[in-house]
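Undergrad: Below you will find the structure I want to go over with you.
No value in this document is a laboratory result; all are computed from the given coordinates. Note that the structure is a prediction, hence the values are computed from the model and not measured. Here Cβ is always computed from backbone atoms with ideal geometry, including for glycine, and neighbour counts include all displayed protein chains.
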Amino acid sequence: MVTLTAFRSSGSRTGAAAPELAAADCLDDRETASREEREQLLFSRLPHLLRSARVARGWAWLTNGTLPGDVASRAALARLPVLRRGDLAAMQAGRPPFGGLVPEPAGSFKRIFANPAGARLVLAPEATGQDSWLAGRALHAAGVRKGDVVINALPYHLASTGFIVDSACRTLGSPVVPAGPAEFSDELDLRIEIIEHLMPTAIAGTGELVLRLLDRAAATGRDVSSLGIAFLTEGGTDPATRALIQRRGVDVFDTMLVPEIGIVAFEDGAGGFVLNEDLIAEIVHPGTGEPVAPGEAGELVITSFDPHHPFIRLGTGQLTAECLPDRPAARTNLRLAGWLGSAEQQARFGEVSISAAQIAQLRRSHPELKRVRLSLRQTGAGEEAVLCGLIEEETGGEGDAQRAALAARVAASLARIARIAGRVELVHEGLPNDGRLVSDERV
């Protein structure tokens, strides 16, 4: 189990508990560096990243008024604005082709992908260097080595996902079969035939596809026993699906993937998702750039050091939390609890649109509130808004009066900030640590 607050790993190895991971299992000694060494190295590189990124007009505008040399700590980085992934499409439309966020011309890249972002597409260039998607470490952590054949059942068209895994295989010297996804039985049969013939070690895809393929092979009496590794890109595979894949003798290794950056974190068998190297991760309150308290869930924000396509505080739009491994692990980087849900929290209540940023602002106005959530509910009389706040146990005999006064102040803030009237509930426990600030519970 992953230990920190309430987050637990789904596990990844089949059978008995895996032995302690040794440093020899790591790709290089960077993965075993101390947290202090890694932090010092990354933040010593950060001023140069800002200087080089500001050649692009978009980054010059976003970081206007900031001296690169002053951004050499987490506190300084947290003062820069968060660039929302959901805003990339609009920026690219306003300043083609890459929104002014890429210092180099489109013709200098190896490939240009179009990744879905809601109802729009975000263009993502791939540099000509090796493993620009940071995927080699993740595939190595899953147990793939030079010469191991990998069948890649992720899409190769438009989106970057298939090529992210493809680049990992090339980095490790592992032959890759660019199979793509399979929807129908005849497509599954074709991929099963390839597996029987080539006997690949690993398959990359979604948990649902891998399970369907294994089930189809069992139903038709085909041999896919060479597969020992399922390399997934879901950041939180359904536990039931994971268990069924493992029951068929295939180890599951999931990853947290951001299409414009690559694999930002990956499972290594020790519990949780270990942050990839060459990245700075922050966990912030949704809708803000404000870091959460240690152990609290929030939106994952990533700073990457790719000189060809840098990102400075990219808000991924997904929630996560820091966690600890199940057992002693060789890799020392930060561990995450996987994707916990969407950070893009917005809902309409009557004629008013309510955002996570407003509820975060309310929480900042009342330091007594350790955690908050606005729930929109359907009742027999209509709709109601309930603001639930987590507070510490009161001491002394004036607890009820203090709670009532605080509830009145919070209700006034809710009306002022979100422009709605709502009921306030103050509790000492029971409010989940999942990063959700706005919860629309109406049917």
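Undergrad: Around Cys323, which amide H atoms from residues at least 5 apart in sequence, or from another chain, sit under 5 Å from its own amide H, with H modelled in the peptide plane?
TA: Placed amide hydrogens put Arg335, Leu336, Ala337 under 5 Å from Cys323.
Undergrad: Gain in length, Val55 to Asp440, computed as 0.36 nm per residue apart minus the alpha-carbon separation, to one decimal in nm? Spell out each step's value before the answer.
TA: Numbers: separation 385, 0.36 × 385 = 138.60 nm, distance 4.22 nm.
Net length gain for the segment: 134.4 nm.
Undergrad: How much length is gained on full extension from Glu290 to Arg79, taking 0.36 nm per residue of separation minus their Cα-Cα distance? Could the numbers behind the result be given before it?
TA: Numbers: separation 211, 0.36 × 211 = 75.96 nm, distance 0.84 nm.
Result for the pair: 75.1 nm of gain on full extension.
Undergrad: Return the FRET efficiency for the residue pair Arg145, Glu384: r is the Cβ-Cβ distance, R0 is 51 Å, and the value is rounded to the nearest 0.05. Spell out each step's value before the answer.
TA: Working: r = 58 Å, r/R0 = 1.13.
Approximately 0.35, to the nearest 0.05.
Undergrad: Determine the percent antiparallel among the DSSP beta bridges restricted to the chain, to the nearest 5. Before the final figure, lay out the partial values.
TA: Working: 44 of 67 bridges.
The antiparallel fraction comes to roughly 65 percent.
Undergrad: Can you give me the angle between helix 35-53 and the longest principal axis of the chain, using Cα atoms only, in degrees from 0 to 90, rounded to the nearest 10?
TA: 90
Undergrad: Please report the net charge: other residues with Cβ closer than 12 Å to the Cβ of Val122, K and R +1, D and E -1. Walk me through the numbers before you get to the answer.
TA: On the way: positive: Arg84, Arg85, Arg120; negative: Asp87, Glu260.
Charge balance near Val122 sits at +1.
Undergrad: Taking the simple approach of a point 7 Å from Cα along Cα-to-Cβ for both His428 and Glu39, what is their distance in nm?
TA: If labels sit at His428 and Glu39, their model points lie 3.4 nm apart.
Undergrad: While we're looking at this one, here's another question. I'd like the Karplus ³J(HN,Hα) series for region 246-263: coefficients 6.51, -1.76, 1.60, θ = phi - 60°, whole numbers in Hz, and an x wherever there's a Gly or Pro.
TA: 5, 4, 8, x, 10, 6, 9, 10, 9, 9, 9, 10, 10, x, 7, 10, x, 8
Undergrad: Determine Rg/Rh for the chain; Rg is computed over alpha-carbon atoms and Rh is the Kirkwood hydrodynamic estimate from the same atoms.
TA: Numbers: Rg = 23.4 Å, Rh = 23.5 Å.
Here Rg/Rh amounts to 1.00.
Undergrad: Could you tell me which trypsin sites (Lys or Arg not before Pro) in region 280-359 are loop residues by DSSP with no more than 16 other beta carbons within 10 angstrom of their beta carbon? Working shown, then result.
TA: Values: sites: Arg313, Arg331, Arg335, Arg348; in loops: Arg331.
Of the trypsin sites (Lys or Arg not before Pro), not one in the loops of region 280-359 has a Cβ with at most 16 other Cβ atoms within 10 Å.
Undergrad: Which three extents, in whole angstrom, do the alpha-carbon atoms of region 287-355 cover along their principal axes, largest first?
TA: 53, 35, 18
Undergrad: Ranked from highest to lowest mean number of other Cβ atoms within 10 Å per residue, what is the order of the peptides 206-212, 108-114?
TA: Details: 206-212: 19.7, 108-114: 15.7.
Taking the mean over residues of other Cβ atoms within 10 Å, the ranking is 206-212, 108-114.
Undergrad: What is the spin-label model distance, in nm, from Arg364 to Glu187 if the labels are put 7 Å beyond Cα along the C-beta direction?
TA: In this crude label model, Arg364 to Glu187 measures out at 4.6 nm.
Undergrad: Turning to a different aspect of this structure: Using the Cβ atoms and a cut-off under 11 Å, what net charge is assigned to the surroundings of Val102, where Lys and Arg are +1 and Asp and Glu are -1?
TA: Numbers: positive: Arg57, Arg95; negative: Glu104, Glu260, Asp306.
So the surrounding residues net to -1.
Undergrad: What FRET efficiency do you get for Ile112 and Arg419 if R0 is 35 Å and r is their Cβ-Cβ distance, rounded to the nearest 0.05? Kindly include the intermediate steps, with their values, before the conclusion.
TA: On the way: r = 42 Å, r/R0 = 1.21.
The pair Ile112/Arg419 has a calculated efficiency of 0.25.
Undergrad: Given Cα positions, please report Rg to Rh for region 59-160, the hydrodynamic radius being the Kirkwood one. Provide the component values of the computation, followed by the final result.
TA: Numbers: Rg = 17.3 Å, Rh = 16.6 Å.
Here the Rg-to-Rh quotient is 1.04.
Undergrad: Let me have the 222 nm mean residue ellipticity of the chain computed from DSSP H runs of 4+ only, each contributing -39500 (n - 2.57), with the sum over all residues rounded to the nearest 500.
TA: Numbers: 11 runs with 120 residues, N = 443.
Mean residue ellipticity at 222 nm (helix-derived): -8000 deg cm²/dmol.
Undergrad: Also, I was wondering about something else. Loop-only GluC sites (Glu not before Pro) in region 379-443, please: DSSP not H, G, I, E or B, and at most 11 other Cβ atoms within 10 Å. Working shown, then result.
TA: Numbers: sites: Glu383, Glu384, Glu392, Glu393, Glu394, Glu398, Glu425, Glu429, Glu441; in loops: Glu392, Glu393, Glu394, Glu398, Glu429, Glu441.
The qualifying sites are Glu392, Glu393, Glu398, Glu429, Glu441.
Undergrad: Net charge around Leu134, counting only other residues with Cβ within less than 10 Å of its Cβ (Lys, Arg = +1; Asp, Glu = -1)? Could the numbers behind the result be given before it?
TA: Working: positive: Arg137; negative: Asp131, Glu277, Asp278, Asp306.
Cβ neighbours under 10 Å give a net charge of -3.
Undergrad: Cα axis of helix 356-365 to longest principal axis of the chain: angle in degrees, 0 to 90, nearest 10?
TA: 50
Undergrad: Relative contact order, percent, of the chain when contacts are C-alpha pairs under 8 Å separated by at least 6 residues? Could the numbers behind the result be given before it?
TA: Values: 924 pairs, mean separation 71.1, N = 443.
Dividing the mean separation by the residue count of the chain yields 16 percent.
Undergrad: Contour minus end-to-end for Leu158 and Arg377, with contour as 0.36 nm per residue of separation and end-to-end as the Cα-Cα distance?
TA: Working: separation 219, 0.36 × 219 = 78.84 nm, distance 3.97 nm.
Answer, rounded to one decimal: 74.9 nm.
Undergrad: Now a separate question. I'd like to know which of Asn152, His285, Phe253 lies farthest towards the positive end of the charge dipole of region 23-342, counting +1 on Cβ of Lys and Arg and -1 on Cβ of Asp and Glu.
TA: It is His285.
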